[in-house]
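Enquirer: Take a look at this one; I'll ask things after.
The values are calculated or read from the model by the stated rules, or taken from the named source; none is laboratory data. The structure displayed is predicted, hence computed values, not measured ones. So basically every Cβ, Gly included, is an ideal-geometry build from the backbone, and we count neighbours across all protein chains shown. Ligands, DNA and RNA are excluded from the accessible area calculation, which covers all protein heavy atoms including side chains. Shrake-Rupley method; radii C 1.70, N 1.55, O 1.52, S 1.80 Å.
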Amino acid sequence: MFLSHLGCMFVVQMFATTTARSIDSLEQELAGWEDTVSQVRFHQVELLRQLDVAQVAAADGCRTMIDWVASRLDVSRPIAKDLLVVARAQNSQIDQMLQSGVIGLERAVALIRLYNTGAGEELMADALGLDLGGLWRLVASRERLSAEDEVKGFSDRFLVMQPSLDESWWKLWGGLPGPDGQVVEKALLARADEFPRLEGEDRSQRMADALTSLALDSLTGGSEEASGREVVVAEVLVDAQLAAATSGEAGVVLSSGPKVGANVLSEILCTGQIRVIVADQAGNRVDYSDLGEAIPPALRTLIWARDQGVCTVDGCSSRYRLQPHHIVPRSQGGSHHPSNLTLLCWFHHHVVIHGLGFRLDPDSPPQRRRFIRQPHLRGPPGIC
C-alpha cells in the first residue's frame, strides 16, 4: 500500500514537472538523448572492429558476423548490419561526427556509401544538409548497378502472407525490385482511384481494397463491367453452445477455415447460398440446413436491367462487379422481391456495407441510395 502511494506521488510529481516545462526544453532534451545514443553507437563500433578482427562469429559458431551482433546485442539484423558497415569502413571523419553526436547511425551508413561512390569533399559536405530521404536518393543515383546486382535484387523478391490462427486476419509483407515495385504501386493506385473516397480513410486502406479487387478479377476473369452474377456457395459450421452464449459473435467459422461474423455471413447471403451445420462442443452434428435459396439468375438480370447496369448509390456511376443487394437483410426477414433488391458496385457492397457495417436508407430514392451508420458501430464520420 505504501509503495503504491509512493508510486502515485511520483507520477503526479512527474506530470507536474513535465507540464511546467516548456515545449522547447523538452525538444532539446529529446534531441540531446539522441546525441547520446549516437555516442554509444560509436563506442559499440570501436569494440566491433576488434571483435571482427578476432573472428568471434566463427569461434561462436555463428554463420555471419551480422548474426553474431544481432544475437549478442539483441537488435534487428538491419541495425547489426549498419554497425558493421561503419566498423569496417574505418572512416575517421564519419567516426568523429558519430562520436560527437552530430550524426546518427543511419546517416553514418548513408555517408559511407556516398563516399564509396567517389563523392568529393564538397558533395559530402552538401549531403549533411539533406534529410535522410534526400541523402539516400543521392546515394542511389550515384551507386553503380551491375547486371549481377540486378539479378541478386530480383532473386531477393518475396511476398509473405501470414494468417492468424483462426484465419480471421491476414498480414502481408514483402519486397520487390524497383521496376516491379513501381508496377505494383501504379496498378494499386489506379484501382484505388476508381473507388469513392471515404472520409477519414488513409492511403493504405485504399491500397488494401485495390489489392483484393485485383485478386478477385484474376480469379473470376472480372472486368470493369463484371456483373458478379456468379453464385457463392458456403458451408458455415456453428458451435451451438458458444454461438448462443455470444449472440453469434464466436463459434462461427466457414468450412474452409476462416472465422466469420454477421457482416460476412450477410454478404454471402446477398451473393449466394449458405448451408448451416450446427454441432455440439464435442463436434457431433446436431442439425443442418439445406442450401438457402439464391437470387435466381433471371431475377439478377431483371435487377441489372431495371437499374441500368450501374451502381444505385447517390453520386456513384461505377459498373465494377455489380451485385444485387438486399435493402432489408435476409437475416432480418428480407426477401428476394425486386422492391427489396438494388444494384451496388463491389466497393459499396463489399467495403462500405459488409465491411464497415453501414446499411442503406430504405427511404432514399431508388437511383440515389444513401447510407445510414448503424449506431453500435464506430466508423468513418461520412461516406461519399
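Enquirer: Take region 300-333 and flag every residue that is touching a Pro at 6+ places or on another chain (Cβ under 9 Å) and in a loop (DSSP other than H, G, I, E, B).
Expert: Within region 300-333, 307, 312, 314, 315, 316, 318, 327, 328 meet the criteria.
Enquirer: Of the conditions (1) modelled with pLDDT of 90 or more; (2) exposed (fewer than 13 other Cβ atoms within 10 Å of the Cβ), residue 24 fails just one. Which one is it?
Expert: Evaluating residue 24 over (1) modelled with pLDDT of 90 or more; (2) exposed (fewer than 13 other Cβ atoms within 10 Å of the Cβ) leaves (1) as the failure.
Enquirer: Within the group 363, 287, which residue is more than 20 Å from residue 210 (Cα to Cα), modelled with pLDDT under 85 and open to solvent by 40 Å² or more (accessible area, probe 1.4 Å)?
Expert: Residue meeting the stated conditions: 287.
Enquirer: Moving to a separate point now. Identify, from the list 168, 155, the residue that is at pLDDT 75 or above and within 19 Å of residue 356 (Cα to Cα).
Expert: Every option except 168 fails the conditions.
Enquirer: Report, by residue number, each residue of region 350-364 that is more than 20 Å from residue 200 (Cβ to Cβ) and either in contact with a Pro (Cβ under 6 Å, 6 or more places away or on another chain) or touching a residue at least 12 places away in the same chain (Cβ under 8 Å) (or both).
Expert: Across region 350-364, the qualifying residues are 360, 362, 364.
Enquirer: Sort through 167, 201, 194 and tell me the only one that's touching a Lys or Arg at 6+ places or on another chain (Cβ under 7 Å), in contact (Cβ under 8 Å) with a residue 40 or more places away in the chain, of a type outside the set (Gly, Ala, Ser) and surrounded by 11 or more Cβ atoms within 10 Å (Cβ to Cβ).
Expert: On the way: 201 fails: touching a Lys or Arg at 6+ places or on another chain (Cβ under 7 Å); 194 fails: touching a Lys or Arg at 6+ places or on another chain (Cβ under 7 Å).
Just a single option satisfies the conditions, and that option is 167.
Enquirer: Counting only residues that are of a type in the set (D, E, K, R) and more than 14 Å from residue 352 (Cβ to Cβ), which one in region 307-332 is surrounded by the fewest Cβ atoms within 10 Å (Cβ to Cβ)? Reasoning before the result, please.
Expert: Quick first cut of region 307-332, residues of a type in the set (D, E, K, R) only: 307, 314, 319, 321, 330.
Among the residues that remain, those that are also more than 14 Å from residue 352 (Cβ to Cβ) are: 307, 319, 330.
Values: 307: 19, 319: 17, 330: 19.
Restricting to residues being of a type in the set (D, E, K, R) and more than 14 Å from residue 352 (Cβ to Cβ), the top hit is 319.
Enquirer: Right, next: Mind telling me which of the residues 26, 30 ends up being touching a Ser or Thr at 6+ places or on another chain (Cβ under 9 Å), farther than 24 Å from residue 113 by Cβ and in a helix (DSSP H, G or I)?
Expert: Details: 30 fails: touching a Ser or Thr at 6+ places or on another chain (Cβ under 9 Å).
Criteria check complete, one pass: 26.
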